[in-house]
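The structure appears below as structure tokens.
The values are calculated or read from the model by the stated rules, or taken from the named source; none is laboratory data. All figures in this text were calculated on a predicted structure; none of them were measured in a lab. Using ideal geometry, Cβ is built from the backbone for each residue, glycine included, and neighbour counts are taken over all protein chains shown.
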Amino acid sequence: MRERNIRSSAETGSGSGGTGDEPVPFMQRLLDNHWLLLLLGVAIPAVLYVIWGVMEVAQIPLAQ
Amino acid sequence: MADATLFRTCPDTGLPVHLPAQRLIKANAVAGVLALALGGLQGLMVALTRWPDLQLLPAEAFYTMLTGHGLNVLLFWIIFFEVAILYFASAILLKSRLAAPNLAWVGFVLMAVGALTTNYAVFQGDSSVMFTSYVPMRASPLFYLGIILFAVGALIGCFIFFATLVIAKDEKTYEGSIPLVTFGALTAAIIAVFTIASGAIILIPTLLWSLDLIPEIDPLLYKVIWWAMGHSSQQINVSAHVAVWYCIAAMVLGAKPLSEKVSRMAFLMYILFLQIASAHHLLVEPGISSNWKIFNTSYALYLAVVGSMIHGLSVPGAVEAAQRRRGFTRGAFEWLRKAPWGNPAFAGMFTSLVYFGFLGGISGVVMGAEQLNLIMHNTLYVPGHFHATVVAGTTLAFMAITYLVVPLIWRREIMFPTLAKWQPYIFGLGAAGISLFMMGAGTLGVSRRHWDINFTDAALSFSYPDTAFLMMALNGLSGLLAAIGGVMFVVIVVSSILFGKKRGDDAAETNPVIGVGGGQAVASYGSEGTLKLPGTMILVGVFFIAFFLYYWVNWKYLSEVWPLS
């Protein structure tokens, strides 16, 4: 039922929040939260790539 | 609250256009095209030098041109144009005023001063450190300072975009969710923030090192962090040009994404995982564990690849659905045969999609596999790959949308329309040739950065197979073809802006550039909601077969160059 309402919302071009009483699904709320997306888009690669990568380099023993 | 006198209504799209935003879009697009003209000329000289029978430039000039080429086209052209796209996708598509136009001008001036400063440093001849500028090679402090200024300006542009989203939401200029093109631009802006932050982390210390204020920079540390900027900057391109594909399909054909939700999920995959593809540049570095390398490439990167595959289905699928709505329903491919191939905006968009997917996408996944990477790492295969993504993909897509921007934003007719019809094909073929032949030469082992593949002054002689020399000659010819296409683009655009016939309000009827419903489709949330797309499914099947075969061939090749018994 909820899926049908979401589809209806998308097809009419109203997107989230355009249908009044229906609860907005979690994923749509996530995708509409631009600041949270910014946080995730910076934090995830910062941790997985930069911080983890710098830790790898920092653990290389210095030549004697 | 928006001042109504600062808006005009576009007769073609029906969208209100914020005039300060329009001026900024123009300024950033012009700066981008100037950077493209200079960087493209430098690229031609690089290609003609790499053609062994010509070897146009001496070694020092070659590295100077290679450095300038990389910076002008990979950073300055692309990011100037992307800032223009951010302002278009926020202020224009959301029917909003642009946040803080004066601050946006400060950002533009910083970017322009930064680009000029870095170019000045490069042309001085003492900063031929190439785009990557690996330490301990040291450039002039002005080289790093220019890039930092440019990055700060671009960061201002990103936050102007975010602030415009906030204004549009507060002032209720749109309902519900932002349109998909704006969401694609949001993805590009988020990746840009990560990119610029990474650049600041490594380039500010490097500037201090070049001023002798810091004794040394660890080369491996530099590489890890620099690539978070260097490769992620190209991921901004991917997000932006995918948004441009959706934008052109919507404006020219009134096409909506097959499923707005699914396409937004694909962009989310980019936001979360695309940046870490940077790790493929470090796959042969000693000292970094395979855990880090494999997680960041062969595992998490594939989530972003899934996003690209979704777009690869959704964009041609949206075109097919729109064409079928217009009555082109015979067989699997009438929609494709009768697509507007004479419209340079559509032709550039669709060929960019094909080149990006088949050449750039497949080769990127192959390079991202740690084992396969061994057979092409630091060879010409790498620039071959990114010429497929950035030149045949991004640049061609940006050229394509320029054919809409000039009539809609400048209100000028495109001059030399016959030339304009051919331009995307000529430039695209040249760019695809560069990519293919560089990848071919790289597969045969030709080094990525060496001026002379004959190694004429080397103590120990070495020669590549004859086929490698043929590849380099074909690369030179392709470079010439791309340069001709590039010159055509610059001539058409500059002439149209300066001397093109003014586009009156009745031009939307007499000479339309927007398809029926195009303005509504691009600026609203909505889906086609169908998967009855036989032609697109066949095309996607062909893509997967090509993908599988190329992947398999490379494993076969690896087994031959690296025999295990």
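Some observations on this one:
- Among residues of the range B:267-284 being surrounded by fewer than 24 Cβ atoms within 10 Å (Cβ to Cβ) and more than 9 Å from chain A (Cβ to nearest Cβ), the one that is nearest to B:Gly518 (Cα to Cα) is B:Met269.
- Cross-chain or 6+ apart pairs with Cβ under 7 Å, the range B:316-337 first and closer than 14 Å to B:Gly254 by Cβ and of a type in the set (D, E, K, R), then modelled with pLDDT of 95 or more and crowded, with 19+ Cβ neighbours inside 10 Å: B:Glu320/B:Trp335; B:Glu320/B:Gly535; B:Glu320/B:Thr536; B:Arg324/B:Trp335
- Subset of the range B:410-420 (residues that are crowded, with 16+ Cβ neighbours inside 10 Å, over 21 Å from the mean Cα position of the chain (by Cα) and within 19 Å of B:Ala483 (Cα to Cα)): B:Leu419
- Note on the range B:235-254: residues that are more than 22 Å from the chain's Cα centre (by Cα) and within 14 Å of chain A (Cβ to nearest Cβ) total 1.
- Scoring B:Asp466 on the criteria (1) under 30 Å from B:Gly32 (Cα atoms); (2) more than 14 Å from chain A (Cβ to nearest Cβ) leaves a single failure, condition (1).
- Selection status of B:Glu82, within 22 Å of B:Gly479 (Cα to Cα) and of a type in the set (D, E, K, R): no
- Selected residue (only one of B:Arg337, B:Arg325 is surrounded by fewer than 22 Cβ atoms within 10 Å (Cβ to Cβ) and modelled with pLDDT under 95): B:Arg325
- Criterion applied to B:Gly348, B:Gly364, B:Gly428 was being under 22 Å from the mean Cα position of the chain (by Cα), at pLDDT below 95 and assigned to a helix (DSSP H, G or I), and the one residue passing it is B:Gly364.
- Within the range B:458-481, not a single residue is outside any helix (DSSP H, G or I), aromatic (Phe, Trp, Tyr), closer than 27 Å to B:Leu34 by Cα and at pLDDT below 95.
- Condition broken by B:Tyr299, with the remaining ones in (1) modelled with pLDDT under 95; (2) at negative phi; (3) touching a helix residue (DSSP H, G or I) at 6+ places or on another chain (Cβ under 6 Å) satisfied: (3)
- In the range A:43-64, the residues that are under 14 Å from B:Ser289 (Cα atoms), more than 7 Å from chain B (Cβ to nearest Cβ) and β-branched (Val, Ile, Thr): A:Ile51
- Checking B:Ser128 against (1) within 21 Å of B:Phe80 (Cα to Cα); (2) among the polar types (S, T, N, Q); (3) in a loop (DSSP other than H, G, I, E, B), the condition it does not meet: (1)
- The residues of the range B:495-518 that are farther than 21 Å from B:Ile248 by Cα and in a helix (DSSP H, G or I), listed by number, are B:Ser495, B:Leu498, B:Phe499.
- Of the helices (runs of 4 or more DSSP H) contained entirely in the range B:1-100, those carrying at least 1 residues that are free of Cβ contacts under 8 Å to residues at least 24 places away in the same chain fall at B:19-50, B:59-69.
- When residues of the range B:202-221 are limited to those that are more than 8 Å from chain A (Cβ to nearest Cβ) and in contact with a helix residue (DSSP H, G or I) (Cβ under 6 Å, 6 or more places away or on another chain), the one nearest to B:Ile148 (Cα to Cα): B:Leu203
- Among the candidates B:Ser232, B:Ser289, the residue that is within 13 Å of another protein chain (Cβ to nearest Cβ) and either surrounded by fewer than 21 Cβ atoms within 10 Å (Cβ to Cβ) or more than 18 Å from A:Leu48 (Cβ to Cβ) (or both) is uniquely B:Ser289.
- Residue that is surrounded by the most Cβ atoms within 10 Å (Cβ to Cβ), among those in the range A:19-42 that are among the charged types (D, E, K, R) and either facing chain B (nearest Cβ under 9 Å) or over 23 Å from B:Ala188 (Cβ atoms) (or both): A:Asp32
- Residue list for the range B:161-175, restricted to those being surrounded by fewer than 16 Cβ atoms within 10 Å (Cβ to Cβ), facing chain A (nearest Cβ under 10 Å) and not in a helix (DSSP H, G or I): B:Glu175
- Every condition in (1) in a helix (DSSP H, G or I); (2) more than 28 Å from B:Gly32 (Cα to Cα) is met by B:Leu258 except one, and the failing one is (1).
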